[in-house]
Each structure stands twice: as C-alpha cells, then as structure tokens.
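Heads up: the structure comes next, in structure tokens.
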Amino acid sequence: MSTDATPLLDVTDLRVAFTTDDGIVHAVDGISYSVMPGTTLGIVGESGSGKSVTSLTTMGLTRGRSTSVSGTIMFEGRDLLTLPGEELRQIRGNEIAMIFQDPLSSLHPFYKVGAQLSETILAHRNDSKAAARDRSIDLLELVGIPDPHRRVDQYPHEFSGGMRQRAMIAMALANEPKLLIADEPTTALDVTVQAQILALIAELQGRLGMAVIIITHDLGVVAEIADEIAVMYAGRIVEHADTKRLFAAPEHPYTWGLLKSIPRLDTPRNEELVPIQGRPPSLINRPTGCHFHPRCPYVSEEHKRIDPKLEPVPSDPEHQVACLLPASVRAEIWRGLKAGRPAEELRRLAVPEAAAATAAAPWPPAEGSDA
Amino acid sequence: MTPVTAEPLVEVRNLVKHFPITSGIIFQRQVGAVKAVDDISFDVLKGETLGIVGETGCGKSTTARLLVRLLDATSGELRFEGEDMTKLKGAALKARRREAQMIFQDPYSSLNPRKTIGSIIAEPFVIHGMLKEEGERKKRVQELMDTVGLNPEHYNRYPHEFSGGQRQRIGVARAIALEPKLLVADEPVSALDVSIQAQVLNLLRRLQRDMGLTLVFIAHDLSVVRHMCDRVAVMYLGKIVELAPNESLYGFPRHPYTGALMSAVPVPDPTGTSHERQLLTGDVPSPANPPSGCRFHTRCPKAQSKCSEVEPPLEDKHNGTEAACHYPLTEAEAALRLPPALVAR
C-alpha cells in the first residue's frame, strides 16, 4: 500500500447498483482499493456482501441496461469502466483473468478441455491450432494434471472436481495475465484438494509474478495466501489492513464477529462460539447509519444515524476501518474478546449507559424481530 | 454436556451399503456396485456426540441415512438399544423411527415450500397420531419454536420468509419434536453463512445438554467437528480409517489420512501457517472400484508393498485410538501434520 509504486489495479469509489422488480439493489457502494503488481489481496465477506460483483465489474461482466456503475477502475492507465467493449475484450482473459467458484458449470460440457484451452489462447494470439494445442498441454502440465497428452482430449465430465479447477486455472493462465481474480476458487472442493489448489496458486504466482485478488468467505484461506485483506459488508469495505495486522489487531466489530464465530483448530476446544446475531441486511432497504448496526453488540443511538467513513486507524495509517467507536474503546474491546469475555459484558465499554439499560432491554433483541 | 455412559445406544456391526450400477434399458442387469459404505462397525454411546468426518464420497451421508433407516442396508447389523433396526417392519419400525431423527444439510430443499412452518413442525405429531387436539398441538409447536430460538408468532409463515439460519432452526425443531433419543445431523451448517453457523452450532450443543440427546454429527470441516464432538470417526472410501476420542485424534492422529486432513485445514492465523503442509497428491479413487488392500495406499506417503495386498483391520493403537493402518504415524510425523497450536498443547 506504499505510495511510491504505481498500482496495477486502482479502484476508486466504485458503485454498482442493479434495478430489479423489487427495487434498486446497491450491490457495491463506494469501495476503493488498489493492488500492487505481484501482491495478493484477499476480499472477505458473506453472501450478498458485494465481493463477487466487485470482481465481475472489473472484468466488465456486469455491463447491462439494468446496471448502473460509477467510479473508476484504473488498470495500467486505462479505465476499465469506460473502455469500449472491443478494447476490454483485449484485456479480459489476456491481461486480467478470472477463476470462478464452480468449475463444472464454468467449463463447456460439449467441448474437450484442450479445445477450450486453445480457444482462450487463439482469442488473443495469432498462433496456429497445433501450437495452441501444444501450449494447452504445457499448461495442463504446469497446473499439475498428470498425463496431459491424454487429458487434453478429454471432456470436463471425465475430470474430477479438483482437476477441473486446475483446468480452469490453466485456462486463466493461458495468456500469462498480470492480474488473476479468483472468486471462491476452493469453496466447492474438499479440504485436501483445497490445500493443493491454494499451494498451486501461490506457487504459480511466485513463478509468473502476477498479482492475485482472492475472494472468499473463509478467513483461513486468506490468512494463508493474502498479503492484505479487505473485509466487505453490505457492499462496502469495512476494514482493510495487512494480513498479519488484521488477524493480530482487528478493529471492526464485524471482523471480530467473524473471527470469534468460527471454531478453529488452534483455540481451546471448549471455547464458546460467539455468533453474530441476526443476518446480513437486504441490499435494497439497507439499514440507516452504520450498515452493521442492527447486528453490532456495541451499537449506540448515534450509530443508527451517522454513516462511518473508511478511515485510517491512529496507530497505523495503512490500517483502515469504518467504525464509529473510539479507537481506544475498540482496542479495549478486542483485548477483552481475545481473553474470552462475552460481548454483552464488553458492551459496557462502548455504551456506558448500557450497564443500567441491559436489565430493561436485554441485548441481543429477540430472535425473529429481524424476519 | 450429558454424562457419557459407556453404554451404547446404537451398535453398528459390519454395515454395508452398495448401490448397484446397472446396464441395459429394458433388461437391466447389475454390472457393478458403488461401495458407499463397506463394512463399518462402531458404537454410538448414550449421551455422546459422535463425529463422522471425511471428504466427498467417503460414505458419511450414506452412514447417516442408514442410521435412521432412510436407506436399507445391503448387509450387516444396526442395533438400536439392542434391537436390530435392519429387520424391523411396519408398526415396530414406525415406533423406532420416533427415536431416531435427522437434520439435513440444505435448509432450502428440506422444507416443503407450500406448508407453513407451524404445520411443518407439527407433522411428526400427525404422523405418529399424537396431540390430536388442535390447540394442544399448536401450543407444543410454539414451545418448540421458542426452544430453537424462533419467534412463536411466526407460526403461520412460510419457509421462504426465513433466512438460511432460521430455516435450519425449523429443521431442528421438527427433528426434536418427538423427543428422540438419537439425533443425526448431516452437515447441518455447511450451507450457512459463516456468521450464522455459530448460532446453529450453539443451539445444537444447548439442546443436547438440555434434552440429554445422543448426537451423530456429520461434517467435512475438522474444526467444527473438534468443537462439537466427544469421539470422532474418520471415513475414507466407505471405510472407517480412524476412530478416536476427540483429544487423542486432534493431539496424535495415527492414520496418515487423518494426518493429511489435519494438515490441509487452513488456520486463520497468518503467523501460525508457517508449518510445512503434508499435501496429498491425486484424487479420491472411485468407490465403484476401490484400490486393493488398504484403500488409501494409492495416495499414502507411507505406503509399502504390504499395503496394497493386505487390508489393515481397525484396531487399537494407543489410548483408545483405533486406526486401520499397517504403518501408523509416529509422534514426530503426527506433529508435522498438526497446526502448531495443537502440537504445543
């Protein structure tokens, strides 16, 4: 995030909204981030947080009459949002490539894997068909598919889930992209295969020097692979920091919630899980003020009115958070959470009058009030 | 937790489930079988939570369905309180079904979209002819909704009006309606958002404590299983490869496959991920044509010639850990595969 180098991808104030019969869905709501060449950015969020729409927009895959997009996505001096379709096509699949979550539905069932790989190559290069086929075989070998000479003539259904995802990666790497966007690349896979795929992405990144954006809901995955992490909630980035820093000193109550609500192999077994109450908000009728306030244990009246900006943390200018709690209070709450103290008790730190009020109106509100 | 007695509630002996593969359109003949569950034996003790972990296709969901007899076993025994469930029929089977209930993975497809949740939760009473009086039944259903953390006023709503987490609660309410002795939960949280999973896990733990349930918890996520279970069975290609008390399994896994699973779990701690991964190569072989000898030998880093010839029995290795392996992991090898925080303990 240093300012002396030019970022490969620079997203500024990106907004994406879809007009639907039910109303306008504000899928992405003013997010900014940049990716340096050769680094990995992790974008973490739940379903409906806008993480996939962000990357689809980068690839120009959300263009349509019912979509309104604003902001800029600068890639090597060109704004991907205003680029004509033909020029964008030169970049897509060539300089920026994408891996999708479900490898089976992203591969065409009627065409051989080799043919699909060759198509990607021939779309951007003036190679002969034979050369493209040779390159397809090399690519399959690169991503660790055994016996590539035979596999190149097989259909996707003859591949296992892990091999299909490898084939997808091969396809994405076909033209040596500068940026690889991986949207939940391992969600559909088993853990042992997930570990293989993550190791493969990391290894190829080192070898080819590309930048990677990895989108996932799994904090474990980003901890392994990302240099920095952006946490998204309801279409916004609520926290953005270096990976080590984010796990050591998270600042946003939503990030705390994510960290405390999953069982982990490295914490005492009987540690009580602290779920985040309620559920993700509708992106049509978003909550007022801080979008997280209906689920935040540390909410006070003003948080329901004031919309927090993503701002640097006083102790670290590269760590940004969108939270209205004072920094000192946040630090104290996180210390308490780490020590295993319950959120209800720590709420007192954020809202002094809460101690007296808890008896009258217990937090959390009764389940079902959000239905 | 309910005190775990050594007395078994369910005894599974040599249970087998093969799904036939047929060929031909009119005169179908069997050309093979998918050996989904292939000769497994274990006990579920009263009051405990038994976890079953494994990857896609290892037979864990088939085992779940066999336990509540949604599937009929090909061979083997399944004794529920001493009575062989596989031979029960008619009224006797129906009576037993009350005592073993199931929670399904997908909260979207396991609830009938045309029924109100009141009638979904009341259905077990209808089937078993209980609480025939309308008001009484409604009262009981609303109590159940309250127990699982749903607003009883939503009695007349339809499933689509609820979020994934709430639907899973509806599934739980339906499963506990008849106060079963055994609850089988098949991947109850894997379809839910991360922030919602803990709500359902905490609910299951609370219910187990309050109702003295025996729980069979099936999942592919080793971290979730560690959190929930007293004992854990690891399955691979239709076989149990390791069966151990929680602390032993996560402290000193003996089977190389368990070790590989542990090693592959991503730990959300960037400082703790420096440990060398013991990655498995290749994919899970087809259960229609499993490898000879030890089924894991094709991917096992410790495999030797004996492994492809002789099938290892599930036997006691140490401290109550049973593993089916000729060359189990040594302490040093196990330590290499565990996340550092588990080794330190």
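The values are calculated or read from the model by the stated rules, or taken from the named source; none is laboratory data. From a predicted model like this one, the values you see are computed outputs, not experimental measurements. With ideal geometry, Cβ positions are generated from the backbone for all residues, glycine too; neighbour counts draw on all protein chains shown.
Side notes on the structure shown:
- Breaking point among (1) at pLDDT 85 or above; (2) assigned to a loop (DSSP other than H, G, I, E, B), for residue B:282: (1)
- Being out of contact with any helix residue (DSSP H, G or I) (no Cβ under 6 Å at 6 or more places or on another chain), in a loop (DSSP other than H, G, I, E, B) and among the polar types (S, T, N, Q) holds for only one residue in A:94, A:126, and it is A:126.
- Set side by side, the residues B:313, B:301, B:291 differ, and just one is within 13 Å of residue B:236 (Cα to Cα), part of a loop (DSSP other than H, G, I, E, B) and not aliphatic (A, V, I, L, M), which is B:291.
- For the residues A:234, A:195, A:223, the requirement of being at the interface with chain B (Cβ under 8 Å from one of its Cβ atoms), under 16 Å from the mean Cα position of the chain (by Cα) and buried (at least 22 other Cβ atoms within 10 Å of the Cβ) singles out A:223.
Okay, residues lined up against (1) surrounded by fewer than 15 Cβ atoms within 10 Å (Cβ to Cβ); (2) at negative phi; (3) in contact with a Gly (Cβ under 9 Å, 6 or more places away or on another chain); (4) at pLDDT below 90:
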site: B:45; (1), (2), (3), (4): no, yes, no, no
site: B:49; (1), (2), (3), (4): no, yes, no, no
site: B:53; (1), (2), (3), (4): no, yes, no, no
site: B:65; (1), (2), (3), (4): no, yes, no, no
site: B:81; (1), (2), (3), (4): no, no, no, no
site: B:89; (1), (2), (3), (4): yes, yes, no, yes
site: B:109; (1), (2), (3), (4): yes, yes, no, yes
site: B:112; (1), (2), (3), (4): yes, yes, no, no
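- Residue within the stretch B:265-286 that is surrounded by fewer than 24 Cβ atoms within 10 Å (Cβ to Cβ), at negative phi, more than 14 Å from chain A (Cβ to nearest Cβ) and acidic (Asp, Glu) present: no
- A count restricted to the stretch B:195-224 and to residues that are more than 7 Å from chain A (Cβ to nearest Cβ) and within 24 Å of residue B:99 (Cβ to Cβ) stands at 18.
- For the stretch A:67-81, the criterion of being surrounded by 20 or more Cβ atoms within 10 Å (Cβ to Cβ) and closer than 23 Å to residue A:226 by Cα is met by at least one residue.
- Taking the stretch A:215-230 as the range and being outside any loop (DSSP other than H, G, I, E, B), closer than 22 Å to residue A:100 by Cβ and among the aliphatic types (A, V, I, L, M) as the test, the residues that pass are A:215, A:219, A:221, A:222, A:225, A:229, A:230.
- Complete set of residues in the stretch B:234-264 that are out of contact with any Lys or Arg (no Cβ under 7 Å at 6 or more places or on another chain), surrounded by fewer than 21 Cβ atoms within 10 Å (Cβ to Cβ) and either among the aliphatic types (A, V, I, L, M) or away from chain A (no Cβ under 11 Å) (or both): B:248
- Among the residues of the stretch B:93-107, those identified as of a type in the set (A, V, I, L, M, F, W, C) and either part of a loop (DSSP other than H, G, I, E, B) or surrounded by 12 or more Cβ atoms within 10 Å (Cβ to Cβ) (or both) are B:93, B:100, B:102, B:103, B:104.
- When each of A:295, A:279, A:269 is tested for being among the basic types (Lys, Arg), surrounded by fewer than 19 Cβ atoms within 10 Å (Cβ to Cβ) and either within 14 Å of chain B (Cβ to nearest Cβ) or free of Cβ contacts under 8 Å to residues at least 12 places away in the same chain (or both), the lone residue that passes is A:269.
- Residues that are in contact (Cβ under 8 Å) with a residue 40 or more places away in the chain, surrounded by 19 or more Cβ atoms within 10 Å (Cβ to Cβ) and not basic (Lys, Arg), drawn from the stretch B:301-319: B:314
- Residue count for the stretch A:178-192 satisfying the condition of being over 21 Å from residue B:277 (Cα atoms) and either of a type outside the set (Asp, Glu) or at the interface with another protein chain (Cβ under 7 Å from one of its Cβ atoms) (or both): 5.
- Test: residue in the stretch B:141-155 that is touching a residue at least 40 places away in the same chain (Cβ under 8 Å), away from chain A (no Cβ under 14 Å) and surrounded by 20 or more Cβ atoms within 10 Å (Cβ to Cβ): no
- Residue check for residue B:124: touching a strand residue (DSSP E or B) at 6+ places or on another chain (Cβ under 6 Å), more than 27 Å from residue A:276 (Cα to Cα) and not basic (Lys, Arg): no
- Restricting attention to the stretch A:237-258 and to residues that are buried (at least 20 other Cβ atoms within 10 Å of the Cβ), of a type in the set (A, V, I, L, M, F, W, C) and within 16 Å of residue A:338 (Cα to Cα), the residue that is farthest from the other protein chains (Cβ to nearest Cβ) turns out to be A:256.
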